Amino acid sequence: MKSRIYLAVLLGFFSNAQAVEYKDVNRAASQISFIFQQFGQRVYGTFSDFDGTLTFDTQKPEAAHALLKIRLASIDAGSQDANTQLQQPAWFDTATYPVGVYESSGATALGGNRYRISGHLTIKGITRPVDIEVVLKEQSGIGVFDGEFLLKRGDFKIGDGEWAGNSVVSDGIDIKFKMVAPQR
C-alpha cells in the first residue's frame, strides 16, 4: 500500500513538472566574443551586430531551433587597423560575404542544465557542422544560454593565403557567447 501511495505521489510530481520555453533573443543583453593568439599574445574581440531567434523548450530540447546571423563587419579586434584587415578577402571578405550564420537542428539534454546544440555554421559561403555545449541559467523568467566552441579558421578559409596556418595567428579561435531569451 505504501509503495502505491509513493508511486502515485511521484507520478503526480512528474506530471506537474512544467516545461520552460524560451523564445527569441534579446540582442541588447546578449554578446558574442572571441579569443585567439597572435604572435603568442592573447587577443580578445567581439561582434556587436547580430540577430537571433530561438525556440527552446526544456522538456523537448530535440525540437529546439536557433538561428543566429552575425554581421561580420561589426568585428572589433582591438584596433581599427585590425578591424579593416579582417574585412578583406583573405579574412572574412565582408564585401562578398557580409553575414555569418549559425542554424541549429536540435539539442540534446546532457543533465545539470547543460545541452549540446547541433547545427551548421556558414562563413564565406562554407558550411560546416558545429556542435556547441551550452549551460542554461534561469534567472527571473529569463534564460541565459552560455556557450563556447573552438572554430578552426582553416575550415572556413579565414586568414587565407599568407595568413594560413599558425605562424602569426592561431588557427583555433575560441568563440564564446551569451544569448539571453525571455521565458514564454
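Under 7 Å between Cβ atoms, which residue pairs at least 6 apart in sequence (or on different chains) link something in the stretch 27-51 that is at pLDDT below 95 with a partner that is in a loop (DSSP other than H, G, I, E, B) and surrounded by fewer than 17 Cβ atoms within 10 Å (Cβ to Cβ)?
Going by the 7 Å Cβ cut-off, the qualifying pairs are Q38/V168; F39/V168; V43/G78.
With respect to the numbered conditions (1) in a strand (DSSP E or B); (2) loosely packed, with under 15 Cβ neighbours inside 10 Å; (3) not aliphatic (A, V, I, L, M), which one is the sole condition not fulfilled by Q88?
Checking Q88 against (1) in a strand (DSSP E or B); (2) loosely packed, with under 15 Cβ neighbours inside 10 Å; (3) not aliphatic (A, V, I, L, M), the one that fails is (1).
Could you say whether any residue in the stretch 152-172 is in contact (Cβ under 8 Å) with a residue 40 or more places away in the chain and assigned to a strand (DSSP E or B)?
Yes - at least one qualifying residue is present in the stretch 152-172.
So, of the residues in the stretch 65-84 that are of a type in the set (A, V, I, L, M) and assigned to a strand (DSSP E or B), which turns out to be surrounded by the fewest Cβ atoms within 10 Å (Cβ to Cβ)? Let's see the steps before the verdict.
Initially, the stretch 65-84 is screened for residues of a type in the set (A, V, I, L, M), giving 66-68, 70, 72-73, 75, 77, 82.
Filter once more, keeping what is assigned to a strand (DSSP E or B): 66-68, 70, 75.
On the way: A66: 24, L67: 15, L68: 21, I70: 22, I75: 22.
Going through the qualifying residues, I end up with L67.
Assuming L110 fulfils every condition listed in (1) of a type in the set (A, V, I, L, M, F, W, C); (2) in contact (Cβ under 8 Å) with a residue 40 or more places away in the chain; (3) more than 21 Å from I35 (Cα to Cα) apart from one, which condition is it?
The failed condition is (2).
The values are calculated or read from the model by the stated rules, or taken from the named source; none is laboratory data. Because the structure is a prediction, the values reported are computed rather than measured. Neighbour counts are summed over all protein chains in view; Cβ atoms, including those assigned to glycine, are modelled from backbone coordinates with ideal geometry.
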